[in-house]
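We did not get these values from a lab; they are worked out from the coordinates using the rules stated. No experiment lies behind these values; they were computed from the predicted model shown. Please note: Cβ atoms are built from the backbone with ideal geometry, for glycine as well, and neighbour counts cover all protein chains shown.
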């Protein structure tokens, strides 16, 4: 379903330890951004019946069922350069992305585009 590189897993694990080691990484998609859909990642300790639970590189991950199809095959990486570090997300389901790369749309979901 979702692929997370070892570099991204290390960065997430460090953030998780700084936040609260018992929390799960929640990954999802919501409407917004100039192309219509935006990614969301954060820590959460609640899991509902509408969630799928995964474990990747030892990280407990939660994805809501509505986002799961849009995230199928997504690759999350973490890259560092002279300006610092950040996560990159490659989504094979995206048919269009915005210029800044933070929002996208798929062939089946246009989301709710906003003005940038």
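Tabulated results
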item	result
Residues of the stretch 97-111 satisfying the condition of being surrounded by 13 or more Cβ atoms within 10 Å (Cβ to Cβ) and either touching a helix residue (DSSP H, G or I) at 6+ places or on another chain (Cβ under 6 Å) or on the phi < 0 side of the Ramachandran plot (or both)	97, 98, 102, 103, 104, 105, 106, 109, 110
Count of residues meeting criterion [touching a strand residue (DSSP E or B) at 6+ places or on another chain (Cβ under 8 Å) and either touching a residue at least 40 places away in the same chain (Cβ under 8 Å) or within 14 Å of residue 89 (Cβ to Cβ) (or both)] in the stretch 53-65	6
Enumeration of residues in the stretch 75-90 that are more than 14 Å from the chain's Cα centre (by Cα) and either assigned to a strand (DSSP E or B) or under 20 Å from residue 31 (Cα atoms) (or both)	79, 80, 81, 84, 85
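Residue by residue, here is whether (1) assigned to a loop (DSSP other than H, G, I, E, B); (2) exposed (fewer than 13 other Cβ atoms within 10 Å of the Cβ); (3) at negative phi; (4) in contact with a strand residue (DSSP E or B) (Cβ under 6 Å, 6 or more places away or on another chain) holds:
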site: 13; (1), (2), (3), (4): no, no, yes, no
site: 29; (1), (2), (3), (4): no, no, yes, yes
site: 41; (1), (2), (3), (4): no, no, yes, yes
site: 67; (1), (2), (3), (4): no, no, yes, yes
site: 73; (1), (2), (3), (4): yes, yes, no, no
site: 92; (1), (2), (3), (4): yes, yes, yes, no
